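Asks: First the structure, which I've put down as structure tokens, then a few questions once you've had a look.
The values are calculated or read from the model by the stated rules, or taken from the named source; none is laboratory data. The structure presented is a predicted model; accordingly, all values stated were derived computationally and were not measured. Neighbour counts run over all protein chains shown; Cβ positions are idealised from the backbone, glycine included. Ligands, DNA and RNA are stripped out before the accessible areas are found, and what is left, the full protein with its side chains, is counted by its heavy atoms. Shrake-Rupley method; radii C 1.70, N 1.55, O 1.52, S 1.80 Å.
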Amino acid sequence: MSASEEGIAGASGYAPHPYIGGRTSVLRALAAWRMRWPGAPRVIVLTGSPGSGRSRLLTGFLMLCDPRFRKQLPLDAMDPATVPPDLPAPAVPSPEGRTVAQLLGLLADHFELGAARSEDICTELAAREEPVTIVVPDVDRAGPVRAADEPARVVRDVLKPLAATTTVQLLADVPRGLAAELAAALPSGQVRVIDLDDPEWADPEGLVRHAEAALSLGPPELPFCTDPSARRALAEALAERANGNRLTLQLAVQSLVMRPEGVDPADPSMLPGSVGEALDLHARRLGSDPQTLRLMLAPLAFAEGAGLPVQLWGALADAVAERDMSCALADGMPLAAPFLQPSEGSERDEANDGKTGKANVGQADGATAADTADGGRTLLRPLHPGIAEEIRAGLPDVPGAQTRIAMALLDAVPQQDWSRADPYIRDHLAAHTLEAGLLPQLLTDPGLFAHADPVAMRAAIEAVPLDRLGAPARTYLRTAPLLTRSQAPAGLRAAFLESAFVEDGLAPYAEALHRLGFPLPWRTLWSVPLTGVRAVTTGALPPADADGAAAAAAPPDGTTAAAAAGAETGGVGPGPASGAPASRPVATFVVPEGTPGSRTVPGPGGDASEGGAAGALLVHDLLRPGYVDADPARVRPPSEEARAAAPFACTPGPDSLQVWARANREVVATLVSDTPITGADLSPDGVLVVATERGVTARQILAAPAAPTVPAQRTGGAGSAASDGLGGHHS
């Protein structure tokens, strides 16, 4: 509702801000903060009730701070005390839908910092000679999962450290429940709380102008839309009843314009005094039960992300109401319309996770046709978060409603095949089950882990106490930073999770991923948790040594090696079927001297003591779990001719690695590690052995050399890694 530009703002003769239409006292305080006026606080915390107009006020103020928008405003006609000086635009990192880590990434990118943690970012900002100005809007909308309470983490982990940094000039729009906490972290002279509901900041005339401007856009046949005196009288009555709340006034105007019969500005009972009253009065004016309207809107009040696909609305309304709502929905659009915000958009494209320019990557990485068929569609959500808050507050049993929503979403997955599920269900089912208290029970499905948006899934899981999570969920939580940092599509996420499950001794979950239709680039054969490995090589023991070498039942540190999912049946055999003696494929690790089970590397003259500084050697079977009790000196590396004739080669980097086909130079597998890679080798028959700071893992490359299954991914050194800024770093 743009304020009317007609008339003069009060006796001063100044024109009101054309977007805000008032709020002169607040704008003066913000302008003084922006110009660092003597006595102005360094930190301002803007707060108020839902619908008080914080977001609109901050947007209008930022117009005055941005050189591009200033040119479009009548600055010469406005109160000079409300117009800040012409300075470079402040940094405005938006928390909406983002995690703390993503918000910090935006800050680091804007100021070109090398840090990722809040304390390091603040240290670098504190070292700057010139102060920096940061405006953080809409903190109440932070986070990809509403029930995970990301706004509180933004205040604790981002705003408090920034506010404590003396070179930072901070303005933050914070919910009232968190505003006092943020302000309490600073001396009173450095911070000021502006609560838009306080009489000090009241703007009754601006609210009347808002109502007049909104009414003037109504149908010309309505007297209170065209007659200035009738419009003014109704606007004054609406503003008085709304008690300063912009949202209440907006909903009242929309309801009256839709159903104007019987409007009497002199009767306050016909005008709403709160958002809840606006809902109930509108329903009664249309001859409906207010509870029916609230039940219709309830699924949208619980919607996550950009909104609920209209196709799911009916089933979820039935679930919340516990009765058939089809008739109410079929006839109820006039009833619900004033409270809805439709948008044409699409949920995250599963093939490329919503990143543009990567549509050609997804299909080869395991995304199915259903992953890319989402296209544009109508998403619905409440017009304002305050409406959703009112709807949720009016329900007697929110966890019960969320439980029924979650069950309805699960029922909507075709044959429980996540590749065919609606993208909203894949990405947001975890959020609904979190508020229902059922998330730990959901976290046992490898298919959901692979298909769900990892940022939203991780945020939901992190909101559950660790001791309530099962082993698969803990594996996912450990792997989630890698999934988000690499921006991997579903197929590659499945590959990373497959290896993680084997590393954590959850081979059945790894095997389940192979049965879900993903053309995975590898099968993880085994993994050992061994630290300090500096290099790995592949080779073979001659027949005589292979016959006499016994595979150990456990690695030297006493832990059980992860079972190789399908190693005995996966098409990789230990030798020819003729029964003739065969060499035994093995991998050799260079480990610190004294590692249990290792043998010291012999020196050039055969003296073991000469090689002690170089470390020791461990021998492990190449194709299955188990160490081999054999002399490392007997291991024969592949010949140069064998390596040259091998179908694959690999190119390792500090934390990533690519396997490519020699025939056509196409990349067939991309490995990204969450810890530095300390050694890697690829055997001639395609077994990739990689050592990291966590341990050693062997993967059998599954791609046919002439038909690569994984396209080229971005790899290389740290300088070429995917951006941690707007792309959504969540580590």
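Asks: Of all residues in region 190-201, count the ones that are open to solvent by less than 60 Å² (accessible area, probe 1.4 Å) and either part of a helix (DSSP H, G or I) or without any contact (Cβ under 8 Å) to a residue 60 or more places away in the chain (or both).
Replies: Residues that pass the stated criteria total 1.
Asks: Would you confirm whether any residue within region 81-91 is closer than 30 Å to Asp453 by Cα, open to solvent by less than 40 Å² (accessible area, probe 1.4 Å) and either of a type in the set (A, V, I, L, M, F, W, C) or free of Cβ contacts under 8 Å to residues at least 60 places away in the same chain (or both)?
Replies: There is at least one residue in region 81-91 that is closer than 30 Å to Asp453 by Cα, open to solvent by less than 40 Å² (accessible area, probe 1.4 Å) and either of a type in the set (A, V, I, L, M, F, W, C) or free of Cβ contacts under 8 Å to residues at least 60 places away in the same chain (or both).
Asks: Related question: Kindly list, by first and then second residue, each pair from a residue in region 628-640 that is more than 14 Å from Ser583 (Cα to Cα) to a residue that is among the small types (Gly, Ala, Ser) and open to solvent by less than 90 Å² (accessible area, probe 1.4 Å), limited to pairs with Cβ atoms under 6 Å and residues at least 6 apart or on different chains.
Replies: Asp629/Ala549; Asp629/Ala550
Asks: Would you point out which residue out of Arg636, Arg662, Arg643 is among the basic types (Lys, Arg) and touching a Phe, Trp or Tyr at 6+ places or on another chain (Cβ under 9 Å)?
Replies: Selected residue: Arg662, the only one of Arg636, Arg662, Arg643 that is among the basic types (Lys, Arg) and touching a Phe, Trp or Tyr at 6+ places or on another chain (Cβ under 9 Å).
Asks: Do any helices (runs of 4 or more DSSP H) lying entirely in region 212-280 carry at least 3 residues that are open to solvent by 70 Å² or more (accessible area, probe 1.4 Å), and which ones are they? Break it down into steps so the answer makes sense when it comes.
Replies: Details: elements: 223-226, 228-242, 246-258.
Result: 228-242.
Asks: For region 459-484, name all the residues that are open to solvent by 30 Å² or more (accessible area, probe 1.4 Å) and either more than 30 Å from Ala669 (Cβ to Cβ) or not in a helix (DSSP H, G or I) (or both).
Replies: Ala463, Pro465, Leu466, Asp467, Arg468, Gly470
Asks: Are any of the residues in region 36-50 open to solvent by less than 60 Å² (accessible area, probe 1.4 Å) and part of a helix (DSSP H, G or I)?
Replies: The answer is no, given that none of the residues of region 36-50 is open to solvent by less than 60 Å² (accessible area, probe 1.4 Å) and part of a helix (DSSP H, G or I).
Asks: Of everything in region 385-420, what is open to solvent by less than 40 Å² (accessible area, probe 1.4 Å), in a loop (DSSP other than H, G, I, E, B) and either modelled with pLDDT under 95 or under 21 Å from Met296 (Cα atoms) (or both)? Give them in sequence order.
Replies: Passing the criteria: only Leu395.
Asks: Now a separate question. How many residues are open to solvent by 10 Å² or more (accessible area, probe 1.4 Å) and either over 30 Å from Ala393 (Cα atoms) or not in a helix (DSSP H, G or I) (or both) if we restrict to region 437-450?
Replies: So the count comes out to 5.
Asks: Now for a separate question. Among (1) touching a residue at least 60 places away in the same chain (Cβ under 8 Å); (2) more than 23 Å from the chain's Cα centre (by Cα); (3) open to solvent by 10 Å² or more (accessible area, probe 1.4 Å), where does Leu434 come up short?
Replies: (2)
Asks: Please work out if Thr588 is surrounded by 16 or more Cβ atoms within 10 Å (Cβ to Cβ), farther than 17 Å from Ala544 by Cα, at pLDDT 95 or above and hydroxyl-bearing (Ser, Thr, Tyr).
Replies: yes
Asks: To continue, here is another question. Quick check: anything in region 485-497 within 15 Å of Ser673 (Cα to Cα), open to solvent by less than 10 Å² (accessible area, probe 1.4 Å) and assigned to a loop (DSSP other than H, G, I, E, B)?
Replies: Checked region 485-497: at least one residue is within 15 Å of Ser673 (Cα to Cα), open to solvent by less than 10 Å² (accessible area, probe 1.4 Å) and assigned to a loop (DSSP other than H, G, I, E, B).
Asks: Being in contact with a Leu (Cβ under 6 Å, 6 or more places away or on another chain) and not aliphatic (A, V, I, L, M) is the filter here; which residues of region 274-292 pass it?
Replies: The one that is in contact with a Leu (Cβ under 6 Å, 6 or more places away or on another chain) and not aliphatic (A, V, I, L, M): Ser288.
Asks: Against the conditions (1) open to solvent by 10 Å² or more (accessible area, probe 1.4 Å); (2) assigned to a helix (DSSP H, G or I); (3) modelled with pLDDT under 95; (4) not charged (D, E, K, R), where does Ala115 fall short? Just the number, please.
Replies: Evaluating Ala115 over (1) open to solvent by 10 Å² or more (accessible area, probe 1.4 Å); (2) assigned to a helix (DSSP H, G or I); (3) modelled with pLDDT under 95; (4) not charged (D, E, K, R) leaves (2) as the failure.
Asks: Taking region 174-194 only, how many residues are in contact with a Lys or Arg (Cβ under 6 Å, 6 or more places away or on another chain) and over 18 Å from Val26 (Cα atoms)?
Replies: In the first step, residues of region 174-194 are kept if they are in contact with a Lys or Arg (Cβ under 6 Å, 6 or more places away or on another chain); the result is 185, 190.
Now narrow it down to the ones that are over 18 Å from Val26 (Cα atoms): 185.
The total comes to 1.
Asks: Here's a follow-up. If you take the residues of region 647-699 that are open to solvent by less than 30 Å² (accessible area, probe 1.4 Å) and assigned to a loop (DSSP other than H, G, I, E, B), which of them is modelled with the lowest pLDDT?
Replies: Residue satisfying both the conditions and the ranking: Gly653.
Asks: Next up: Name the residues in region 299-324 that are surrounded by 21 or more Cβ atoms within 10 Å (Cβ to Cβ), among the small types (Gly, Ala, Ser) and part of a helix (DSSP H, G or I), would you?
Replies: Within region 299-324, Ala301, Ala317, Ala319 meet the criteria.
Asks: While we're looking at this one, here's another question. Can you find, within region 118-139, the residue that is modelled with the lowest pLDDT among those that are open to solvent by less than 60 Å² (accessible area, probe 1.4 Å) and assigned to a helix (DSSP H, G or I)?
Replies: Ranking the qualifying residues of region 118-139, first place goes to Ser118.
Asks: Looking at the structure I just gave you, is Pro144 closer than 24 Å to Ala108 by Cα and in a helix (DSSP H, G or I)?
Replies: no
Asks: Related question: Given the structure, is Ser527 touching a Phe, Trp or Tyr at 6+ places or on another chain (Cβ under 8 Å) and of a type outside the set (A, V, I, L, M)? Reasoning before the result, please.
Replies: Details: touching a Phe, Trp or Tyr at 6+ places or on another chain (Cβ under 8 Å): no; of a type outside the set (A, V, I, L, M): yes.
Judged against the criteria, Ser527 is not a match.
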